[in-house]
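Following: one structure in C-alpha cells, then a few remarks.
The values are calculated or read from the model by the stated rules, or taken from the named source; none is laboratory data. Predicted model, so just to flag it, every value in this text is computed and none were measured. Neighbour counts run over all protein chains shown; Cβ positions are idealised from the backbone, glycine included. Areas reflect the complete protein model, heavy atoms only, side chains present, ligands, DNA and RNA absent. Shrake-Rupley method; radii C 1.70, N 1.55, O 1.52, S 1.80 Å.
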Amino acid sequence: MNWDYIQPVEIHFGKGRVNEIKNIASSLGCKKGILVASPFFFKSGLAKKIMEESDDMLVASYGDVSPNPDVTEVDACADIIRQNNIEFVVVIGGGSPMDCAKAAASVSLTKDSIRKYHGTGISLPDEHLPLIAVPTTAGTGSEVTCVSVLSDHANGKKAPIVSNGFYPVAAIIDPELTYTMPPAVTAGTGIDVLSHAIEGYWSKGHQPICDALAIHAASLVFKYLYRAYTNPDDEEAREKMCEASVIAGLAFTLPKTTSSHACSFPLTNIYHIPHGEACGLTLDYFVRINSKGEGAERVEYLADRLGFKNASDLADAIFSLKKKMGLRCDLKDLELDEKQIKELVTISRHPNLYNNPVEITDEMLDEMYRYLAY
C-alpha cells in the first residue's frame with residue numbers, strides 16, 4: 001500500500017488563544033489584513049473586538065456571508081481585498097465564512113470570478129494570500145482542509161472546490177469561542193464531525209495516519225457530543241468536541257468524504273437542510289450498506305474500536321444520537337413525490353459518491369430516499 005501524508009497548517013489549540021492572531025500575522029511579515037466573518041459576529045461585537053486588538057493590522061472587513069456562501073459573496077470579498085491591497089486574511093466563524101475566505105484569498109490574486117473554477121474542473125492557481133482560520137463551531141474542520149464548498153444560487157449549483165492554496169497557514173482553535181453555540185448548532189455541527197471521521201475512515205483514499213485520526217475523533221464525538229448538547233456550560237465537553245472537530249478535519253482532508261456528503265449537497269441546496277444535519281441524515285444508512293460490501297471488515301473493525309458490538313450496533317448508535325438531539329432522521333415532512341425523489345438520486349451522483357468503498361447504484365439511492373421519505 002503506497003500513501004502520502006501532508007498537513008501544512010500550523011495548529012494552535014487552547015483557551016484564550018484567539019488573542020494570538022496579531023502575533024501570527026506579524027511572524028508572517030504581513031501588515032494589512034482583512035477580517036472575514038458571519039454577520040452574527042459583527043452584531044455580537046466579537047469582530048469589532050478582534051479588529052480593535054489587531055494594532056491596526058486589520059484594515060478591512062467583510063461580513064456579508066450567508067449560511068451557504070454564494071459565488072457572488074466570494075467575488076465581493078475578493079474585490080475588497082484587491083481594492084485595499086490586503087496582504088493576509090483572518091476568518092472567524094463556522095464553515096461558511098471559511099469557505100468564502102479561502103476562495104477569496106486565492107481568487108483575489110487573479111482577475112477572475114470564482115465562477116471560473118466552481119464545478120468546472122479548472123484548477124485555481126496555488127498562489128494565495130496567507131489565511132489565519134479561527135473556528136467558532138466544533139464542526140467543519142475547515143480550518144485544516146483545502147476544500148471550499150460554495151453555492152451558485154443563480155444556476156442552482158452547490159459544489160466543493162479543492163485547491164492546495166486553500167490550506168490556511170495557521171488555525172487557532174479556541175474552545176472558549178464555542179461556549180455560546182446553541183444546542184441545535186452544537187448537534188448539527190457535531191454530527192458533521194462524526195460524518196467527517198467515519199467517511200474519511202472508509203473512503204477509498206484511506207491511509208494509516210488518517211485512519212488513526214478518524215478513530216480518535218469519532219470516539220470523542222460519541223463520548224462528548226451529547227454532553228455538550230445537553231449542558232452547553234460543560235467546558236470539558238466543549239473542549240473535547242473542538243479537539244474532535246480539528247482531528248476529524250485532518251482525518252478526511254486527504255482521503256476525502258464519501259456517500260453521506262455526496263447526498264448532503266442536494267438536500268441542502270434544494271431543501272435547505274443544514275449541512276451537518278444533511279450529512280448525518282444518511283450516515284447510519286451508509287454504515288449498514290458499507291458493512292455488507294467490499295471493505296466490510298474495515299467497517300466492522302471501526303465499530304469494534306469505537307466500543308460497539310458490530311456495524312449494525314454502530315448504525316443504531318448514530319441514529320439514537322441524532323434522535324436524542326432532535327436532528328432530522330427522515331424526510332417524511334417534505335412529502336416528496338416521484339419527480340423529487342428521482343431528482344435527489346440524480347444530483348446525489350456527486351464525485352464524492354465514487355469515494356465510497358461500496359459502489360452506490362441509482363437503485364440503492366432510490367431505495368434509500370424512499371425509505372427516508374415514506
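Every listed requirement among (1) open to solvent by 30 Å² or more (accessible area, probe 1.4 Å); (2) within 17 Å of SER259 (Cα to Cα); (3) assigned to a helix (DSSP H, G or I) is met by ASP330 save one, (3). I'd like to check something: does the stretch 3-21 contain any residue that is within 19 Å of VAL144 (Cβ to Cβ), in contact with a His (Cβ under 9 Å, 6 or more places away or on another chain) and either aromatic (Phe, Trp, Tyr) or assigned to a loop (DSSP other than H, G, I, E, B) (or both)? Taking every residue of the stretch 3-21 in turn, at least one turns out to be within 19 Å of VAL144 (Cβ to Cβ), in contact with a His (Cβ under 9 Å, 6 or more places away or on another chain) and either aromatic (Phe, Trp, Tyr) or assigned to a loop (DSSP other than H, G, I, E, B) (or both).
Consider only pairs whose beta carbons are under 7 Å apart and that are at least six residues apart or on different chains; among these, list those whose first residue lies in the stretch 348-374 and is in a helix (DSSP H, G or I) and whose second residue is of a type in the set (Phe, Trp, Tyr) and at pLDDT 95 or above. That search, which allows pairs on different chains as well, returns MET368/TYR285. Annotation: GLY307 fulfils all but one of (1) of a type in the set (Gly, Ala, Ser); (2) in a helix (DSSP H, G or I); (3) open to solvent by 50 Å² or more (accessible area, probe 1.4 Å); the unmet one is (2).
Cβ-Cβ contacts under 9 Å between residues 6 or more apart (or on different chains), taken from a first residue in the stretch 73-94 that is modelled with pLDDT under 95 to a second residue that is open to solvent by 40 Å² or more (accessible area, probe 1.4 Å) and outside any loop (DSSP other than H, G, I, E, B), are listed as GLY93/PHE40; GLY94/VAL185.
Just the residues that are modelled with pLDDT under 95 and farther than 30 Å from ILE273 by Cα, please, taken from the stretch 58-72. Result: no residue meets the conditions.
Scanning the stretch 183-219 for residues that are open to solvent by less than 20 Å² (accessible area, probe 1.4 Å), hydroxyl-bearing (Ser, Thr, Tyr) and out of contact with any Lys or Arg (no Cβ under 8 Å at 6 or more places or on another chain) yields THR186, SER195.
Condition check for ASP55 on (1) open to solvent by 70 Å² or more (accessible area, probe 1.4 Å); (2) touching a His at 6+ places or on another chain (Cβ under 9 Å); (3) assigned to a loop (DSSP other than H, G, I, E, B): one failure, at (2).
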